1. In segment B:86-118, how many residues are under 26 Å from A:Ser24 (Cα atoms) and either in contact with a helix residue (DSSP H, G or I) (Cβ under 7 Å, 6 or more places away or on another chain) or not small (Gly, Ala, Ser) (or both)?
2. Return a yes/no flag: does segment B:55-68 have any residue that is closer than 18 Å to A:Glu103 by Cβ, open to solvent by 20 Å² or more (accessible area, probe 1.4 Å) and among the polar types (S, T, N, Q).
3. Please state which one of B:Thr73, B:Thr90 is open to solvent by 50 Å² or more (accessible area, probe 1.4 Å) and hydroxyl-bearing (Ser, Thr, Tyr).
4. Of all residues in segment A:65-75 being more than 7 Å from chain B (Cβ to nearest Cβ) and not small (Gly, Ala, Ser), which is nearest to B:Phe6 (Cα to Cα)?
5. Output the residues belonging to segment A:79-119 that are in contact (Cβ under 8 Å) with a residue 12 or more places away in the chain, touching a His at 6+ places or on another chain (Cβ under 8 Å) and of a type in the set (Lys, Arg).
6. Looking at (1) of a type outside the set (D, E, K, R); (2) assigned to a helix (DSSP H, G or I); (3) open to solvent by less than 60 Å² (accessible area, probe 1.4 Å), which one does A:Ala34 not meet, given that it meets all the others?
7. Consider segment B:1-31. How many of its residues are in contact (Cβ under 8 Å) with a residue 24 or more places away in the chain, under 18 Å from B:Tyr93 (Cα atoms) and either surrounded by fewer than 11 Cβ atoms within 10 Å (Cβ to Cβ) or within 12 Å of chain A (Cβ to nearest Cβ) (or both)?
Number of protein chains: 2
Amino acid sequence: MSDSGFARLPAPPYYAVIFSSRRSTTDGVIDDDAGYAQAAQRMVELAAQQPGFLGVESTRDADGFGITVSYWTDEAAIVAWKRQAEHAATRAYGREHWYDHYELRVAKVERAYGKKTPA
Amino acid sequence: MSDSGFARLPAPPYYAVIFSSRRSTTDGVIDDDAGYAQAAQRMVELAAQQPGFLGVESTRDADGFGITVSYWTDEAAIVAWKRQAEHAATRAYGREHWYDHYELRVAKVERAYGKKTPA
């Protein structure tokens, strides 16, 4: 019934940036969780201002493994977002402080479908 | 430091199936969590036996919003997996019993990179 969490996207084609990550921990506790959450929220706000941004979906389990997929009209929009200055600075900080491991994949969405249970 | 959760993938191109979903709940509790976990594990085992399967990454937060990305060599492998009989039956069951809402996107991964903190 809930749309919460889902991006509302146009019909394909469009692009997806699939970002898988594991947060770093100290003695089993995820590092800097408050600072991370604040930065993540800020990045979503910034991304939403970028030309070509279509939406984002993000989730992370209690062990610190997460997947964020952002959606964009085209490759040029992804490159422009990568170069956005505040995003680049936050990304550099995050690489050093927040993640043990991340993988990023850029993909062209060719087809899509879904189903929502009627309320 | 941990590879846990990450798919080990070849260099692109390959395909990604991005499955975003919200688990159904009753009075705020996620429905049939044990049955779902068992079926999800079985689906990963089955998928791993399919030709063209490359790997899978999956995570879900405490509110029941999850993203699973499975990776495949090509579109034909995805179609064959969709038609696999036990998978099709489980999918049909899941549509009725486990999910309030899901969205599935099929995408061609064009480039990829990552970083792992040295141990």
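The values are calculated or read from the model by the stated rules, or taken from the named source; none is laboratory data. Quick caveat: nothing in here was measured; it's all calculated off a predicted structure. Please note: Cβ atoms are built from the backbone with ideal geometry, for glycine as well, and neighbour counts cover all protein chains shown. Ligands, DNA and RNA are stripped out before the accessible areas are found, and what is left, the full protein with its side chains, is counted by its heavy atoms. Shrake-Rupley method; radii C 1.70, N 1.55, O 1.52, S 1.80 Å.
1. Number of matching residues: 6.
2. Yes; the residues of segment B:55-68 include at least one that is closer than 18 Å to A:Glu103 by Cβ, open to solvent by 20 Å² or more (accessible area, probe 1.4 Å) and among the polar types (S, T, N, Q).
3. Details: B:Thr90 fails: open to solvent by 50 Å² or more (accessible area, probe 1.4 Å).
Answer to the selection: B:Thr73.
4. Once the filter is applied, the top-ranked residue is A:Thr68.
5. A:Lys116
6. So A:Ala34 meets the others, but not (3).
7. Kept after step one, since they are in contact (Cβ under 8 Å) with a residue 24 or more places away in the chain, are these residues of segment B:1-31: B:1, B:3, B:5-25, B:30-31.
Now drop any that are not under 18 Å from B:Tyr93 (Cα atoms), which leaves B:19-25, B:30-31.
Within this subset, residues satisfying the condition of being either surrounded by fewer than 11 Cβ atoms within 10 Å (Cβ to Cβ) or within 12 Å of chain A (Cβ to nearest Cβ) (or both) are B:19-25, B:31.
Matching residues across segment B:1-31 total 8.
Here is a yes/no grid of residues against (1) away from chain A (no Cβ under 11 Å); (2) under 17 Å from B:Arg42 (Cβ atoms):
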site: B:Ala77; (1), (2): yes, no
site: B:Lys82; (1), (2): yes, yes
site: B:Tyr93; (1), (2): yes, yes
site: B:Trp98; (1), (2): no, yes
site: B:Arg105; (1), (2): no, no
site: B:Arg111; (1), (2): no, no
